[in-house]
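The next block holds one structure in the form of structure tokens; read it before the comments.
Every number here is computed from the coordinates shown, using simple stated rules; none is lab data. This is a predicted model, so every value here is computed, not measured. Counting neighbours? That spans all protein chains shown, and the Cβs are built from the backbone with ideal geometry, glycine included.
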Amino acid sequence: MECRAAVLHRVGESLQVETIEIGELQRGDVLVRIRASGLCHTDLEVIQGSLAYPMPIVLGHEGAGVVEAVGDGVTAVKPGDHVVCSWNPHCGHCFYCERDQPILCEPFSRHQPQGHLLDGTSRLRVGGKELHHFSVVSSHAEYCVVPESGAIAVPREIPFDRACLIGCGVMTGVGAVTHIARVPVGASVAVFGAGAVGLNAIQGARLAGAERIVAVDVSDGKLELAREFGATDTVNAERDDPAAFVRSLTGGRGADYAIEAAGIVHSLQPTLDACWPGGMIVILGKTHVDAQVPLRWGSLMGERRIIRSSYGGARPRRDFPLLARQYLEGKLKLDELITCRLRLEEIDDGFAQMTEGGVVRAVVIMGD
């Protein structure tokens, strides 16, 4: 079959909306008609060249839509189901999956950096040549092919443009608090960075019952939004020392939990300094894989626990429907994350606004 997709042919160039070909479904495949796809900074990293992937490629890993067809052996979803795509599908039986670490699934880690599905091949072609998948999703297209473990059924009542956000930014931020840090009721939490992931860490802390939630950013607009998501206090890191501010609010000790969601290079040190000895630091942000990050040795002492999380401890079949229900019950904020909605032809405009820092999430809407 054929469909339209936003294709990146070379680093630094504009995305080209063109017709691509989708091959026959193989065993375990799910064909999803995408209805909404969020623009994420990880997509932008590929466009700018700080995250290397083979070209040409269809980006997008925060997608939601309707199951169009399934390959042999698929039982978890059926045509007509509303689904959110997971960018970390997993085999379920490799060394890491057996140890309950699906984020490190061996087939995923082996094949997705090559732009392939879990079986090591692509279902996409453009101009008669192989077209690469991105993070086993490629949702910046009218249709995508994902493994069964990457298609997660959610309630039909949740709108697609809200549902797609669950697949990356929401899961990563909320999960970092609830699954990785396991923040208890009454705790203090400092979140560095009030972008899409940071805002979701803030609302994760609110959902967990944290007593004091401090948001740190350099944008007063984002800090104002952070209060809507549950921050009890805010500090602009360009005007004040955020670690000293956090300590002043917590009896001089620092926060019980500190979440880094801004980008590491300039924010990791103050995140460490804002956490009291014996507390926990969760690192969500990222930078170039070869970047050197200088740290003050003393901030690594004091029995602080430091952990990196890429997906908030996600178990998509458990977590995605739960997050969708929390939204439908009015507990989880999703509407407020969307800065703008775009047509596929406007996708470059969305990434331009993201580069300028003007959006939390831009969402591409497909179809009617």
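Take the Cα gyration tensor of region 170-308, multiply each eigenvalue by 5, square-root it, and list the three semi-axes largest first, rounded to whole angstrom. Walk me through the numbers before you get to the answer.
Details: eigenvalues 71, 55, 48 Å².
Working through the eigenvalues yields semi-axes of 19, 17, 15 Å.
Using all pairs of distinct alpha-carbon atoms, the Kirkwood hydrodynamic radius of region 172-247 works out to 11.8 angstrom. Distance from the Cα centroid of region 28-72 to that of region 95-169 is 7 Å (rounded to whole angstrom).
By the beta-carbon count within 10 Å of each Cβ, the least crowded to most crowded order of E329, E62, fewest first, is E329, E62.
Expressed in whole Å with the largest first, what are the equivalent ellipsoid semi-axes of the chain derived from the C-alpha gyration tensor as the square root of 5 times each eigenvalue?
Ellipsoid semi-axes (Å, largest first): 35, 21, 20.
Calculated [222 nm] ellipticity per residue, helices only, for the chain: -6500 deg cm²/dmol; basis is -39500 (n - 2.57) per DSSP H run with n ≥ 4, divided by all residues, nearest 500.
Any idea what the dipole of the chain comes to, in debye rounded to 20, about its Cα centre with Lys/Arg Cβ at +1 and Asp/Glu Cβ at -1?
Working: 35 positive and 45 negative charges, 204 e Å.
Using Cβ point charges on Lys, Arg, Asp and Glu, the chain gives about 980 debye.
Taking 0.36 nm per residue of separation and subtracting the Cα-Cα distance, full extension of the segment from E2 to R227 would add 76.5 nm.
Counting Lys and Arg as +1 and Asp and Glu as -1, each charge on the Cβ, what is the dipole of region 280-368 about the Cα centre in debye, to the nearest 20? Walk me through the intermediate numbers first.
Numbers: 14 positive and 12 negative charges, 157 e Å.
I would put it at about 760 debye.
What size of dipole, in debye to the nearest 20, comes out for region 172-301 about its Cα centre when the only charges are +1 on Lys and Arg C-beta atoms and -1 on Asp and Glu C-beta atoms? Before the final figure, lay out the partial values.
Numbers: 10 positive and 13 negative charges, 64 e Å.
Computed charge dipole of region 172-301: roughly 300 debye.
In terms of other Cβ atoms within 10 Å, D43, D100, D29, D220 run from fewest to most in the order D100, D220, D29, D43.
With all pairs of different alpha carbon atoms counted, what Kirkwood hydrodynamic radius in Å does region 284-368 show? Walk me through the intermediate numbers first.
Values: mean 1/r = 0.0589 Å⁻¹.
Evaluated over region 284-368, this radius sits at 17.0 Å.
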